[in-house]
1. For the range 69-104, give me each residue that is exposed (fewer than 15 other Cβ atoms within 10 Å of the Cβ), part of a helix (DSSP H, G or I) and of a type in the set (Ser, Thr, Tyr).
2. Condition first: surrounded by 13 or more Cβ atoms within 10 Å (Cβ to Cβ) and within 30 Å of ALA3 (Cβ to Cβ). Now tell me which residues in the range 24-39 satisfy that.
3. Against the condition at pLDDT 95 or above and surrounded by 21 or more Cβ atoms within 10 Å (Cβ to Cβ), how does VAL107 come out, does it pass?
4. How many residues, within the range 37-66, are within 30 Å of THR84 (Cα to Cα), small (Gly, Ala, Ser) and free of Cβ contacts under 8 Å to residues at least 40 places away in the same chain?
5. Cβ-Cβ under 6 Å, sequence separation 6+ or interchain: first residue in the range 10-29 and farther than 16 Å from LEU45 by Cβ, partner surrounded by 14 or more Cβ atoms within 10 Å (Cβ to Cβ). Which pairs?
6. Going by the structure shown, is LEU112 closer than 19 Å to VAL11 by Cβ, touching a Phe, Trp or Tyr at 6+ places or on another chain (Cβ under 6 Å) and in a helix (DSSP H, G or I)?
7. Among what's in the range 1-23 and is among the β-branched types (Val, Ile, Thr) and at pLDDT 95 or above, pick the residue that is surrounded by the most Cβ atoms within 10 Å (Cβ to Cβ).
8. Does VAL50 satisfy the criteria of being under 22 Å from ALA26 (Cα atoms), surrounded by 14 or more Cβ atoms within 10 Å (Cβ to Cβ) and among the aliphatic types (A, V, I, L, M)?
Amino acid sequence: MTALHGLGSAVVLGAALLLAITAGIAAWLGGAPWVRMAGTVVTVLVGAEVILGAIAWIGGDRPSEALHYLYAIAALGAVPLAATFASEAPPRPRATVLAVAGLIVAVLVWRLASTG
């Protein structure tokens, strides 16, 4: 299960970076309607990764640092919080906020991997 959790973290990291880059480009070009859906995909991937981590935890595989749990909660909530914050914003600022959220999730996932 630990190997699957490690692979999942790489997938989430890639998806978060892809969100940050593509939403940043969309913001530069004036916004895009698909940005919110891309944020939802990243949130679902983070949620799946949290579930895999919980299964690993139940199996006795614990992270080396307790901060791992805090970073996981922050990564899970970053995109939904950003989307709520920018829900009534015009397309360009909404895409900008989600690009920043993608970058934050990427940094959190990188940090999660280092506390794993």
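The values are calculated or read from the model by the stated rules, or taken from the named source; none is laboratory data. Just so we're clear, the structure is a prediction, and the values are computed from it rather than from any experiment. Positions of Cβ are generated from backbone atoms using ideal geometry, with glycine treated the same way; all protein chains shown enter the neighbour counts.
1. THR84
2. Within the range 24-39, ALA38, GLY39 meet the criteria.
3. Details: at pLDDT 95 or above: yes; surrounded by 21 or more Cβ atoms within 10 Å (Cβ to Cβ): no.
No, not satisfied.
4. Counting residues in the range 37-66 that are within 30 Å of THR84 (Cα to Cα), small (Gly, Ala, Ser) and free of Cβ contacts under 8 Å to residues at least 40 places away in the same chain gives 3.
5. Cβ pairs passing all conditions: GLY24/ALA99; ALA26/ALA32; ALA26/VAL35; ALA26/ALA95; ALA27/ARG92; ALA27/ALA95; ALA27/THR96; ALA27/ALA99.
6. Values: closer than 19 Å to VAL11 by Cβ: yes; touching a Phe, Trp or Tyr at 6+ places or on another chain (Cβ under 6 Å): yes; in a helix (DSSP H, G or I): yes.
Answer is yes for this residue.
7. Among those that are among the β-branched types (Val, Ile, Thr) and at pLDDT 95 or above, it is VAL12.
8. Working: under 22 Å from ALA26 (Cα atoms): no; surrounded by 14 or more Cβ atoms within 10 Å (Cβ to Cβ): yes; among the aliphatic types (A, V, I, L, M): yes.
So VAL50 does not fit the description; no.
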